[in-house]
Amino acid sequence: MSIHREGRAKPRGLDLPLLPTLLTLSMATLLLPVLGTSKQDIPRLRLTYKDLLLSNSCIPFLGSSEGLDFQTLLLDEERGKLLLGAKDHVFLLSLVDLNKNFKKIHWPAAKERVELCKLAGKDANTECANFIRVLQPYNKTHVYVCGTGAFHPMCGYIDLGLYKEEVTFKLDTHTLESGRLKCPFDPQQAFASVMTDEYLYSGTASDFLGKDTAFTRSLGPTHDHHYIRTDISEHYWLSGAKFIGTFPIPDTYNPDDDKIYFFFRESSQEGSTSDKAILSRVGRVCKNDGGGQRSLINKWTTFLKARLTCSIPGRDGADTHFDELQDIYLLPTRDERNPVVYGVFTTSSSIFKGSAVCVYSMADIRAVFNGPYAHKESADHRWVQYEGRIPYPRPGTCPSRTYDPLIKSTRDFPDDVISFIRRHPVMYKAVYPASGGPTFKRINVDYRLTQIVVDHVVAEDGQYDVMFLGTDVGTVLKVVSISKEKWGVEEVVLEELQVFKHSSTILTMELSLKQQQLYIGSRDGLVQLSLHRCDTYGKACADCCLARDPYCAWDGNACSRYAPTSKRRARRQDVKYGDPVTQCWDVEDSEYTRLLTFSSHLR
Ligand SMILES: *[C@@H]1O[C@H](CO)[C@@H](O)[C@H](O)[C@H]1NC(C)=O
C-alpha cells in the first residue's frame, strides 16, 4: 500500500543542526518548536481511493451507478439499517455491510409526468425522473418518503414492520399523495425537512419554476390536511430561500416553548444599496403555532429570522465574508436545548475561492432572537433598529397557559402582535461565531467544502471534537480542533481521504456512532467509511503519537483504536502536542531509539 506521508510531522530533531545547543533542554521542549511550525494545512495522512480500499476502511456500495444521485439518507440505528434515496429507487442497506442482502424499491415517475417534464424543456436523465428527497421516520412501523416525480412531487409511506420482527420493505402505493410544499420539484434544489410528532416540516420551493419558497408544516396525527406556511404576501419573510437544515430544539423546560429551527441562505432584500447579494440565516417557529385567527390564517405567527455571519475581520473593516451556507451539523451535548451548531460556508466572491467552518452556540442565537427587531420604513429605506413599542406578548414567543392563561394558542394573539410580526420578521442583530471567526478555513485551494459531521471523541489525553468535511471533489478531510492554554485553538488536518474514484461533489454524510462509520453519498455512488484507521499510522509508538489522532493510541504493540472503557493499560497518545518524547521515552521503538542513540553519541 502506498500511503503518502507528505507533510507528516516527523521527529525532525535528527536533521537539526541546532540540536547540540538544545540538548541541555528537556526533549519535550526540544521538539515542540519544531512541530509548532509544521504546516497545519497539510494533512498528516493522505490516502487515495485505492489506498483506502486496500486499508479495508472504505467500502463502496456495489449498487452504485452513474447519475443515480445518492442524496437522501436515513439512519435507523435500532434496526441496524440505512435507507438510501436515489433516482427512481429507495434502498434498504445493512449498516454493518452495505452490500449484504440489500433490498430495493423501484419507484419511477409516472410516464405522462416524464413526458410533460421533457416537453417543458427539462433534461430527461438528470431532471425528469423520481429523485427521492424525503426519507423521514413517521411512526414505529412507517417511513415517510417523497420524490420529485419528474417535476411533480409525490409522497407516500414505506412499511418497515415492527423493529424486532423481520424487516418488510414495501411502498404503500394506495396512499400516495401530492408532495407540493413538502418536497422540491427540482432534484438539485437545496432542501431541508424534518419529521417530529408525525408532523413534517419542510423548507422548499412550492412551484415548478422554483420561485416561491416556503417553510411549511404538514401531515400530523389528525391528518387534517391543513398546511401552515410562511406568508407569501410579505416578501420580507423569505426571498428565494435555499434551505440547508431544520431541527426541533427545545428552548426551555416548558414543552410549549419547543421550536423548530431552520437554516438557509437567501437573496438580500436591500436591493442595489446592499454590498452583499446572498445572506445566510437562522429562522425559527414555535411547534405549537396554529396560525392566526383573523389574519395570517394557516400562516406562521411566530416566524422570526436572523443573519448568521461567518467572516474574517480584515484591516480597515474590509472583512472576508463567507456568505453562502452549505451545510449545518448539530453536535449534541448533554443538554438537549444546547447542541453546538457547526456551519459550512463558502464565499460568493468572484475574486477568490474559499470555504470556512463557523461554530455557534444556541445561547448566542437565542440572544439575537431576544434582542431588537429590524425595521424597514418602505422599500426605499434600509433596515434599521426598531425602537417603537413592542406589543404583548413579545412577537415570536410561543403561546403557553403557563405564561398567560388567556393566550392558549396563536389564535388568541392580539391583532397588534400579528400585524407586528408580519412587518418585523427580521432581527436587527446578527449571530456571530462563538470564537469570533471561522474555526477552520480553506482559501485558494481548488475545491470547496460541502458537507460536515462532527464527532465528540474521548481520547487518552482529553476530549476532542473531530470534524469530517466533505468536498466538491469527492474527498473527506478529518480535522481535529485542539484547545491549548497558551495558543488558543489549533486545527490539525489528520487525514485527507479520496472516498470516491472520480471527483464528484459529496452530497450527504451520516454518522453512525454505534458502527463507528460514516455513510457518504454523491451523484455516482455511496460509500461507508470507518472513522479511524489507526494501523495506517504505523506500528511504532512515536508514529502513533505524532499522528495526533484522538481515535488512536499506542497499545504496547501497535497503533489501535482507543476505548476509554477498556481495562486500564498503558496507552500512549499525545493529541495536544504530538510529542513522542514524553510518551515513548521508555519504548524500544526505532525512531525514538535512533534519536536517543544520536543524542548520547553527541554528548
Ligand atoms: C403508522 O402509520 C401508517 C400510515 O399512516 C399506518 O398505516 C400504521 O398503522 C401506523 N403504525 C402504527 C404502529 O401506528
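Does L32 qualify as being at pLDDT 95 or above and either open to solvent by 20 Å² or more (accessible area, probe 1.4 Å) or part of a helix (DSSP H, G or I) (or both)?
no
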Segment 353-368, subset outside any helix (DSSP H, G or I) and open to solvent by less than 50 Å² (accessible area, probe 1.4 Å), residue farthest from D465 (Cα to Cα): G354
Going through K111, K122, K100, K118 one at a time, which residue ends up being basic (K, R), surrounded by fewer than 21 Cβ atoms within 10 Å (Cβ to Cβ) and modelled with pLDDT under 95? K100
Quick one: how many residues across segment 418-435 are closer than 12 Å to A367 by Cα and surrounded by 20 or more Cβ atoms within 10 Å (Cβ to Cβ)? 2
Quick check: anything in segment 479-496 closer than 21 Å to D323 by Cα, in a strand (DSSP E or B) and not assigned by TED's automatic domain parsing to the domain that holds A547? no
Being β-branched (V, I, T), open to solvent by 50 Å² or more (accessible area, probe 1.4 Å) and under 21 Å from T246 (Cβ atoms) is the filter here; which residues of segment 305-352 pass it? T333
Tell me, please, whether a residue that is within 15 Å of the ligand (Cβ to nearest atom) and either at positive phi or touching an Asp or Glu at 6+ places or on another chain (Cβ under 7 Å) (or both) can be found in segment 177-195. no
How about segment 147-164: which of its residues are within 14 Å of the ligand (Cβ to nearest atom) and either open to solvent by less than 50 Å² (accessible area, probe 1.4 Å) or touching a strand residue (DSSP E or B) at 6+ places or on another chain (Cβ under 9 Å) (or both)? C155, G156, Y157, I158, D159, L160, G161, Y163
When both residues are 6+ apart or on different chains and their Cβ atoms are under 9 Å apart, which pairs have a first residue that lies in segment 436-455 and is at positive phi, and a second that is surrounded by fewer than 17 Cβ atoms within 10 Å (Cβ to Cβ)? G436/P313; N444/F352; N444/K353
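The values are calculated or read from the model by the stated rules, or taken from the named source; none is laboratory data. Predicted model only: the values in this text are computed from it and were never measured. Cβ atoms come from the backbone with ideal geometry, glycine included; neighbour counts cover every protein chain shown. Note: accessible area is taken over every heavy atom of the protein model, side chains too, but ligands, DNA and RNA are not part of it. Shrake-Rupley method; radii C 1.70, N 1.55, O 1.52, S 1.80 Å.
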